[in-house]
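The values are calculated or read from the model by the stated rules, or taken from the named source; none is laboratory data. Keep in mind the model is a prediction, meaning the values are calculated, not measured. Positions of Cβ are backbone-derived with ideal geometry, glycine not excepted, and every protein chain shown enters the neighbour counts.
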Amino acid sequence: MSNSERRLEFRNYFQDNLEKRMVKDKIVKIIVIACVAIAIIPLGSILADVVRMGIEIISFEFLTTLPGAAGSGEGGIANSIQGTFIMIGMTSAIGIPIGVLSGIYVAEYANSRVGKLIRFFNDVMMQFPSIVFGIFAFLFIVLVLGKFNLWAGAIALSLIMFPIIARTTEEALKLIPDTYREAGHALGIPKAIVILKILLKAAKGGIVTGIMLSVARIAGETAPLIMTILGSKGWFRGTETAMDALPLTIWRLSLLPYDNAVMFGWGAALVLITILLVLNMSVRYLVLYRKGGSGSLGIFMRITGGKK
Amino acid sequence: MSRDLLAKKRNFHWDSVFKITATCAGAFVLLIIVLIFGQLMSDSWLIWEKEGLEFVTGDRWNPVEGREAFGALPYIAGTLVTSLIALCIAVPLSIGIAMFLSEIAPTRIREPISFIVELLAAVPSIIYGLWGLFTFRIIFKDWFESPMHDALGEHIFLFRDAPFGLDILTASVVLAIMIIPTISAVSREILLAVPAIQREAAYMLGATKWEVFRMSVLPYAKSGLIGASILGLGRAVGETMAVTMLIGNAVGPKAFPLGFFQQGNSLASIIANEFNEASPVSMYFPALIGLGLILLFVSLGINVCAHLIIRRVTNAHEGGIKGF
């Protein structure tokens, strides 16, 4: 099609039938708003259900005692809450250092080809089905040690966690202007110190956001835990034994044929969703109101000799 | 402060220690991917040796010792069918949401709506499963599945089975709800990346918002939106818990998905359900690991495609009004 023909086509199209076009535009807008509504309804329904059912069962006793006999409606889910927090702690201990260092390597050390390659594999690994990590940890640790244990769970979850942290760290570091690095090198500061003391501080907001989002992601994972920490009814007795966590409890209870057990499941869901929402809201707060943290100017002042 | 930093220069070897540590951390991801593949392959070796390609194309599933037969076809099909149905539902909705967020919504309500959509992504799979099992399934059966079955069951084989609530369609719809946040968040980024000049050119000609979107934004963003959808497909393929709770968990030939209201099974779902029942010394165990390996390959293929497409799009900058 030649240019003039094309112009003619445009003109004919835009000159005619204005009314019809406006109506069409209105209809599309309504459809689009309906799309948003349809997507929000499930969220509303999920939150409403979890809160409505969960609030009935939650009490001080529910949060602080061990589970009673299945379906008896006695006891609580204290061990699962404890397990979830222990899992978060152990996973973070493995996942955060590896993730942050990997992000540093890609952003600061790697040449562009290697960096691209590693970034690509981090992206791919982020999308692996989580159950595969569970199988891997089972084969790699549980079978070797001969028992279900917390380290297997923590390693499975940290494999989900570290690519997320690596990517967000890398992005956060890339946002820092090169003048920061140059200023550091000009003072004769070794590269490692430039990274650790200057760049990490400047990128703090972004890195913390990534860490908290990855924690929120792993706290709700169920599939890898089925084959690594299995679940139990007792308190934490060391890292070499089976343990419970909130998602596992919800799964087990929801499949039991007793109403009481299912109600416990809803209670556990409310606790889990509260933890996750608090994490997400704090990220929101960090990003919106505290962006920059100590502020780029502050870092600059400190490096250039301003005493604090 | 600066003097402290300078003093550390003398410990120059720490610098290279740090560099080596960071390099190891960077290489860790490659190591882990190789390890995962190696481990899954070596532990499922027995089943490939025994069943060969039959393992992928067969449909029998019998873990009883002495009469063992393992075929993964119904579960591969179940995974693909549920994910594709979910994609068909989720993609139009997600693109609608992305369009609302990038083109139509006033700036004031963009942030809150994006936040709500992101919250949907933060709800864990298991809670979607719980909600699906006790709330959605019942509503969906009474208001959609039963009427559809009554109206079309005799004429179209897809609607033939009597709806029970735990079936392929329920699992697919919940999957769709779960992948909408992923697809719409990426799509929104891609639509926002379309240069303003592209829109302004169309507005200048007197186009309405829909025409601007259709003529100058959509052609420009098309391949990016396809990439976003494939990313959503990748997520759907790997979803475990919600599917396990809703798909009905049939095994053997009858798990092959031939109707919307039929009980099926997916790769991730059968692994989650049966993993702890299998003894590590039987054939049952390598069969489940083999399913995991197939799942890994399916998801790897889908995700590599998605990333390549998305990267190609985000690297391309130029463009005029295309595709009119």
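Overview of values
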quantity: Filter result for the condition that a residue is at the interface with chain B (Cβ under 9 Å from one of its Cβ atoms), more than 30 Å from residue B:137 (Cα to Cα) and assigned to a helix (DSSP H, G or I), over A:9, A:5; calculated: A:9
quantity: Matching entry among B:202, B:221, B:236, B:207 (being crowded, with 17+ Cβ neighbours inside 10 Å and within 13 Å of the chain's Cα centre (by Cα)); calculated: B:236
quantity: Any chance residue A:88 is touching a residue at least 60 places away in the same chain (Cβ under 8 Å), surrounded by 15 or more Cβ atoms within 10 Å (Cβ to Cβ) and farther than 25 Å from residue A:217 by Cα; calculated: no
quantity: Residues of the stretch B:12-58 satisfying the condition of being hydroxyl-bearing (Ser, Thr, Tyr) and more than 7 Å from chain A (Cβ to nearest Cβ); calculated: B:16, B:42, B:44, B:57
quantity: Filter pass, residue B:236 being facing chain A (nearest Cβ under 9 Å), within 28 Å of residue B:130 (Cβ to Cβ) and of a type outside the set (S, T, N, Q); calculated: no
quantity: Selection status of residue A:188, more than 8 Å from every other protein chain (Cβ to nearest Cβ), modelled with pLDDT under 90 and more than 29 Å from residue A:134 (Cβ to Cβ); calculated: no
quantity: Test: residue in the stretch B:67-85 that is within 12 Å of chain A (Cβ to nearest Cβ), in contact (Cβ under 8 Å) with a residue 40 or more places away in the chain and of a type in the set (Phe, Trp, Tyr); calculated: no
quantity: Filtered residues of the stretch B:262-287 (kept if within 9 Å of chain A (Cβ to nearest Cβ), closer than 21 Å to residue B:49 by Cα and surrounded by fewer than 24 Cβ atoms within 10 Å (Cβ to Cβ)); calculated: B:275, B:280
quantity: Helices (runs of 4 or more DSSP H) lying entirely in the stretch A:19-134 (those with 2 or more residues that are more than 7 Å from chain B (Cβ to nearest Cβ) and of a type in the set (A, V, I, L, M)); calculated: A:78-104, A:112-126
quantity: Residues being surrounded by fewer than 22 Cβ atoms within 10 Å (Cβ to Cβ) and more than 10 Å from every other protein chain (Cβ to nearest Cβ) - total across the stretch A:165-185; calculated: 13
quantity: Close pairs (7 angstrom Cβ cut-off, 6 or more residues apart or separate chains): at the interface with another protein chain (Cβ under 9 Å from one of its Cβ atoms) in the stretch B:292-314, aromatic (Phe, Trp, Tyr) and in a helix (DSSP H, G or I) anywhere; calculated: B:307/A:120
quantity: Only one of B:226, B:197 that is out of contact with any helix residue (DSSP H, G or I) (no Cβ under 7 Å at 6 or more places or on another chain), farther than 30 Å from residue A:142 by Cβ and away from every other protein chain (no Cβ under 14 Å); calculated: B:197
quantity: Segments classed as helices (runs of 4 or more DSSP H), wholly inside the stretch B:47-164, with at least 2 members that are among the acidic types (Asp, Glu); calculated: B:107-122
quantity: Tabulated pairs, the stretch B:126-143, first of a type outside the set (Gly, Ala, Ser), second not in a helix (DSSP H, G or I), C-beta under 6 angstrom, 6+ apart or interchain; calculated: B:126/A:222; B:137/B:165; B:141/B:163; B:141/B:165
quantity: Tabulated pairs, the stretch A:31-47, first without any contact (Cβ under 8 Å) to a residue 40 or more places away in the chain, second buried (at least 22 other Cβ atoms within 10 Å of the Cβ) and outside any helix (DSSP H, G or I), C-beta under 8 angstrom, 6+ apart or interchain; calculated: A:43/B:123; A:46/B:123
quantity: Matching option when the condition is under 16 Å from the mean Cα position of the chain (by Cα) and within 28 Å of residue B:302 (Cα to Cα), among B:132, B:96, B:78, B:71; calculated: B:78
